[in-house]
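The values are calculated or read from the model by the stated rules, or taken from the named source; none is laboratory data. Worth saying up front: this structure is predicted, and the values here are computed from it rather than measured. Every residue, glycine as well, gets a Cβ built from its backbone with ideal geometry; the counts of neighbours run over all protein chains shown. Each accessible area value is taken on the protein alone, full model and side chains, heavy atoms only, with ligands, DNA and RNA left out. Shrake-Rupley method; radii C 1.70, N 1.55, O 1.52, S 1.80 Å.
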Amino acid sequence: MWCRRLVGLLEVPGWLRGSSGHCPPWLPHHRRTTLAAAAHWHHTAPETLKCAWQLHGDHLELRYRDTLMRFDFVWLRDHCRSASCYNAKTNQRSLDTASVGLDIRPQAVRVDETTLFLTWPDGHVTRYGLEWLVKNSYEGQKQQVMHPRILWNAQIYHQAQVPSVDCQSFLETDEGLKEFLQNFLLYGIAFVENVAPTKDDTEILAKRVSLIRETIYGRMWYFTSDFSRGDTAYTKLALDRHTDTTYFQEPCGIQVFHCLKHEGTGGRTLLVDGFYAAEQVLRQAPEQFELLSKVPLKHEYVENVGGCHNHMIGVGPVLNVYPWNNELYLIRYNNYDRAVINTVPYDVVHRWYAAHRTLTTELRRPENELWVKLKPGKALFVDNWRVLHGREAFTGYRQLCGCYLTRDDVLNTARLLGLQA
């Protein structure tokens, strides 16, 4: 495609040209000339350059590499990466955004093979690489995913033969840590083998990837069936699939499980890829997916056992998506802790129940269930924003330890190792 350029600056608004279609005589001569010239297209670039642009009243329209982008003028001034506007050493904006006039318009525009140049009324020049604009435009982001993933059911996961990472490699080498994190990012679960079956060694493991998030359950916790906390998890009963801490304003991002001892039967861990199930809902009933992503619900945790007194309330939809590309980033699903539904009008409630039933049906399909027997020495990391977990009933004495990790720090570690997270 030809790269088309405007010789001048802006199109002259109709009110400015007047009824005759000419610029009014009270405008300065250089301004009249510039504005008049802006109304004409000029084809000056080589045919090999797949770029075209055009100025409108309040935005720049740019086509590059088959992506049609529209940039508000304030946005173009605000994101300037010149030394006076952006500190490249700290990667922070220096420009005071509130000082940019909301009616700002470029005085001149030029595009070459790789770069967009904008000259502003005060003479300041902004330069943008065309590749940077494609990556950072709204239209470009709609075509991207924030977090590449492999959605799975039990068969897909088994066929992938995702390897566990040895504890020594995990703790002592960047290669082992990177392999672990890549598995975790893609599948939402990852295993580390040959871990010493103690709480202290499990803590060392967790701290390798993140800060440990202290909650009402403490920092590192022991998990037995002594009903020491007001939660069904502290029993020998089966637990249906769920995500944890739905009653937090921000549910915990990652959960670590390590079975230190089990003298009995049963107790297998159930894992279900919530994003895989939600994807099936999106394909089969997109209107129900949308409902689950927009209707806010309360989840509640009330505890009065021994010295533990807590009342937690978290609010949010079952499915949380990025609005620009509809990419799912968090599922908040826990039928145990869902509070009274009083945030939904009566004419929506029944449709919500139908959508919830559709999602639950997908989550409960046997082919979506991955069953794992946790044992001493094998630590499991679970993405609590994506993968639901549960367990079958058990007999005897069973002791687990674990913790919650801060999601930001896990993703930070992954990015520092060169992974997209």
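The single condition among (1) open to solvent by 20 Å² or more (accessible area, probe 1.4 Å); (2) on the phi < 0 side of the Ramachandran plot that A355 does not satisfy is (1).
The residues listed here are G267, G253; of these, the one that is open to solvent by less than 20 Å² (accessible area, probe 1.4 Å), at pLDDT below 95 and either touching a Phe, Trp or Tyr at 6+ places or on another chain (Cβ under 7 Å) or more than 17 Å from V372 (Cβ to Cβ) (or both) is G267. If you filter segment 75-108 down to residues that are in a loop (DSSP other than H, G, I, E, B) and among the acidic types (D, E), you find that the one that is least open to solvent (accessible area, probe 1.4 Å) is D96.
Restricting T126, T202, T173 to residues that are in contact with a Ser or Thr (Cβ under 8 Å, 6 or more places away or on another chain), of a type in the set (S, T, N, Q) and open to solvent by less than 50 Å² (accessible area, probe 1.4 Å) narrows the list to T126. Only residues that are within 15 Å of D337 (Cβ to Cβ) and open to solvent by less than 40 Å² (accessible area, probe 1.4 Å) were counted in segment 302-316, giving 4. The C-beta contact set for segment 197-211 (first residue among the aliphatic types (A, V, I, L, M), second residue surrounded by 14 or more Cβ atoms within 10 Å (Cβ to Cβ) and part of a loop (DSSP other than H, G, I, E, B), distance under 7 angstrom, 6+ apart or interchain) comprises L205/V195; L211/T406. Number of residues in segment 154-168 that are out of contact with any strand residue (DSSP E or B) (no Cβ under 7 Å at 6 or more places or on another chain) and either β-branched (V, I, T) or part of a loop (DSSP other than H, G, I, E, B) (or both): the value is 4. Do the conditions hold for T215, that is, is it touching a Phe, Trp or Tyr at 6+ places or on another chain (Cβ under 7 Å), open to solvent by 20 Å² or more (accessible area, probe 1.4 Å) and free of Cβ contacts under 8 Å to residues at least 12 places away in the same chain? Here the answer is no, as T215 does not meet what is asked. Of the strands (runs of 3 or more DSSP E) contained entirely in segment 361-421, those carrying at least 3 residues that are open to solvent by 10 Å² or more (accessible area, probe 1.4 Å) and either of a type outside the set (K, R) or farther than 24 Å from Q288 by Cα (or both) fall at 397-405.
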